[in-house]
Amino acid sequence: METNKRLQALKNHIDREFTASPSPFMLWMKPIVLAAEESGVIFKYVVREEMSNPVKSLHGGVTAAIADDCIGAMMFSLNEETFYTTINLVVDYFTPAFVGDTIIAKTAIIRKGKQMVNAQCEIWNAAETRLIARATSTF
């Protein structure tokens, strides 16, 4: 059985910042890998000043970018021969996170067909008691 090098790169960073991403934007967000499987990835982030809006809460655009990048990492970890591109990204915002907060982003595949994949990312506070946002995406 062939080793999934993409998934292994994520697993090699568990409990560490993911520095092997080909995405400069993902590197800027400084995700810490908590878990990595073909069925989903879990990243942790600390909300930094440059990720915030004028009231010091996590900027909605950065929230969407975190979801998009996490789902993208999960898709990349599938080790498919073809590259899936995002068709849409819908984000529902529920509660804010503020500068200094730790947040957790969890992805999952909702449905994987022959040509399209439906996926989601939920972003939680560190204790996973408050859902900050949920994004769904089609690839």
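The values are calculated or read from the model by the stated rules, or taken from the named source; none is laboratory data. Not measured: the values here are computed from a predicted model. Positions of Cβ are backbone-derived with ideal geometry, glycine not excepted, and every protein chain shown enters the neighbour counts.
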Original post:
How many of the residues in the range 70-110 are modelled with pLDDT under 95 and among the charged types (D, E, K, R)?
Top reply: 2
Original post:
For the range 67-86, does any single residue satisfy the condition of being of a type in the set (Ser, Thr, Tyr), touching a helix residue (DSSP H, G or I) at 6+ places or on another chain (Cβ under 6 Å) and within 21 Å of Gln115 (Cα to Cα)?
Top reply: yes
**OP:** Residue by residue through the range 27-68, note down the ones that are out of contact with any Ser or Thr (no Cβ under 6 Å at 6 or more places or on another chain) and at positive phi.
**Re:** Lys30, Lys56
Original post:
Filtering the range 37-50 down to residues that are modelled with pLDDT of 95 or more and in a strand (DSSP E or B), which residue is farthest from Ile14 (Cα to Cα)?
Top reply: Val46
**OP:** Quick one: in the range 115-134, of everything that is of a type in the set (A, V, I, L, M, F, W, C) and within 17 Å of Ser57 (Cβ to Cβ), which residue is surrounded by the most Cβ atoms within 10 Å (Cβ to Cβ)?
**Re:** Ile123
Original post:
Considering only the range 51-92, how many residues are part of a loop (DSSP other than H, G, I, E, B) and exposed (fewer than 12 other Cβ atoms within 10 Å of the Cβ)?
Top reply: 7
Original post:
Can you tell me how many residues in the range 1-36 are over 16 Å from Asn79 (Cα atoms), surrounded by 19 or more Cβ atoms within 10 Å (Cβ to Cβ), touching a residue at least 24 places away in the same chain (Cβ under 8 Å) and of a type in the set (A, V, I, L, M, F, W, C)?
Top reply: 3
**OP:** May I ask you to say which residue of Phe76, Phe18 is hydrophobic (A, V, I, L, M, F, W, C) and over 20 Å from Thr136 (Cβ atoms)?
**Re:** Phe18
**OP:** Find all pairs meeting these conditions: Cβ atoms under 6 angstrom apart; at least six residues apart or on different chains; first residue within the range 62-78 and of a type outside the set (Val, Ile, Thr); second residue assigned to a helix (DSSP H, G or I).
**Re:** Asp69/Met26; Phe76/Arg6; Ser77/Arg6; Ser77/Leu7; Ser77/Leu10
Original post:
So which residues in the range 20-35 are over 23 Å from His59 (Cβ atoms) and modelled with pLDDT under 95, if there are any at all?
Top reply: Ala20, Pro22
**OP:** Could you tell me which of the residues Thr136, Thr95 is touching a residue at least 12 places away in the same chain (Cβ under 8 Å) and in a loop (DSSP other than H, G, I, E, B)?
**Re:** Thr95
